[in-house]
1. Residues that are touching a Ser or Thr at 6+ places or on another chain (Cβ under 7 Å), crowded, with 18+ Cβ neighbours inside 10 Å and closer than 17 Å to Met195 by Cα: does segment 110-133 have at least one?
2. Report, by residue number, each residue of segment 205-222 that is surrounded by 17 or more Cβ atoms within 10 Å (Cβ to Cβ), under 20 Å from Arg168 (Cα atoms) and not small (Gly, Ala, Ser).
3. Suppose the filter is within 23 Å of Glu221 (Cα to Cα), surrounded by 17 or more Cβ atoms within 10 Å (Cβ to Cβ), touching a residue at least 60 places away in the same chain (Cβ under 8 Å) and touching a strand residue (DSSP E or B) at 6+ places or on another chain (Cβ under 8 Å); does Val155 pass it?
4. Just to be sure, is Gln96 in a helix (DSSP H, G or I) and either under 24 Å from Glu199 (Cβ atoms) or β-branched (Val, Ile, Thr) (or both)?
5. Of the conditions (1) under 24 Å from Ile202 (Cα atoms); (2) surrounded by fewer than 15 Cβ atoms within 10 Å (Cβ to Cβ); (3) of a type in the set (Asp, Glu), Asp160 satisfies every one except a single condition; which number is it?
6. Grab the helices (runs of 4 or more DSSP H) fully contained in segment 120-236, keeping just those with 3 or more residues being aromatic (Phe, Trp, Tyr).
7. Scan segment 85-108 for residues that are without any contact (Cβ under 8 Å) to a residue 24 or more places away in the chain and not aromatic (Phe, Trp, Tyr) and report the count.
Amino acid sequence: MEKTIISEGKTTNEAIEKGLKQLNVSRDCVEIKVLESEDKRSFFSILTPRVVKVEMKLKNRAIEESKVTHSIKKEIELSQEERDKAKENLETFLKQFVLHLPENTKYIIKSTDSYLNVDITNENLGYLIGYRGETLYALQNILSAIAGKGIHNKVRVILDVEGYKAKREKTLQELAEKVARTVVRTKKSIKLEPMQAYERKIIHSKLQKNTKIETMSIGEEPYRRIVVSLKNYDKV
């Protein structure tokens with residue numbers, strides 16, 4: 001992603017909006033400098049098309065965020081010794097943890113080269129999921145910290161409870177399609193409610209091949225949300 005761009009429009013606001021969409025960031029993430037204003041027009045240029053140019057520069061915070069959001073990060077591979085140690089750490093914790101959960105609660109730990117999967121299953125574990133998975137993601141962060149105890153590399157744990165993530169993914173994909181149809185029909189952008197980064201990725205991925213609409217994330221965590229809108233050539 002470019003750090004600085006020049007954007008054009010018939011008005012200053014139009015030029016800024018086009019630039020924000022090109023950079024895929026919100027307005028507070030950029031420094032804006034008007035290069036050519038709509039107010040500075042001479043008598044001899046009155047018949048020429050009005051063009052406003054603005055220079056938009058990403059702030060340092062936005063640059064760092066874009067590196068995380070738009071680049072494909074290489075997974076850290078764990079050695080067999082590290083995987084075994086991480087699994088042992090999780091086993092020690094989960095054996096005690098499930099004693100405080102409903103009877104017959106079970107867990108399964110599976111390790112890959114770069115992360116560990118933990119599935120906890122039983123009925124009536126909704127309180128481990130929380131509203132839109134908030135409790136689940138908090139517990140996932142705790143398990144990642146526990147798994148990485150005594151290990152030099154950062155250990156990533158992916159937690160699921162009662163198959164919540166698979167169900168949630170299906171729900172989000174259906175939502176994405178429904179919202180896309182509404183945007184095309186009404187020609188109006190739609191802001192979705194704030195979501196976890198994992199959930200926003202599902203929406204972006206589902207709609208990235210749609211030739212009529214585009215998606216972008218705006219706002220700050222934990223209130224960052226997706227905006228679904230028509231592509232520019234469909235707005236004409």
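The values are calculated or read from the model by the stated rules, or taken from the named source; none is laboratory data. No experiment lies behind these values; they were computed from the predicted model shown. Glycine gets a Cβ as well: all are built from the backbone with ideal geometry, and neighbour counts include every protein chain shown.
1. yes
2. Those that are surrounded by 17 or more Cβ atoms within 10 Å (Cβ to Cβ), under 20 Å from Arg168 (Cα atoms) and not small (Gly, Ala, Ser): Lys206, Leu207, Thr215.
3. Details: within 23 Å of Glu221 (Cα to Cα): yes; surrounded by 17 or more Cβ atoms within 10 Å (Cβ to Cβ): yes; touching a residue at least 60 places away in the same chain (Cβ under 8 Å): yes; touching a strand residue (DSSP E or B) at 6+ places or on another chain (Cβ under 8 Å): yes.
For Val155, the condition - within 23 Å of Glu221 (Cα to Cα), surrounded by 17 or more Cβ atoms within 10 Å (Cβ to Cβ), touching a residue at least 60 places away in the same chain (Cβ under 8 Å) and touching a strand residue (DSSP E or B) at 6+ places or on another chain (Cβ under 8 Å) - is met.
4. Working: in a helix (DSSP H, G or I): yes; either under 24 Å from Glu199 (Cβ atoms) or β-branched (Val, Ile, Thr) (or both): no.
Taking the combined requirement at face value, the residue does not satisfy it.
5. Unmet condition: (2).
6. On the way: elements: 134-147, 164-186, 197-207, 232-235.
Helices (runs of 4 or more DSSP H) meeting the threshold: none at all.
7. So in segment 85-108, the residues without any contact (Cβ under 8 Å) to a residue 24 or more places away in the chain come out as 88, 91-92, 95-100, 102-108.
From what's left, not aromatic (Phe, Trp, Tyr): 88, 91-92, 95-96, 98-100, 102-106, 108.
Within segment 85-108, residues that are without any contact (Cβ under 8 Å) to a residue 24 or more places away in the chain and not aromatic (Phe, Trp, Tyr) number 14.
Matching residues to (1) of a type in the set (S, T, N, Q); (2) assigned by TED's automatic domain parsing to the domain that holds Asn141; (3) closer than 15 Å to Ala145 by Cα:
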| site | (1), (2), (3) |
| --- | --- |
| Ala86 | no, yes, yes |
| Gln96 | yes, yes, no |
| Thr105 | yes, yes, no |
| Thr112 | yes, yes, no |
| Tyr115 | no, yes, yes |
| Thr121 | yes, yes, no |
| Asn124 | yes, yes, no |
| Tyr127 | no, yes, no |
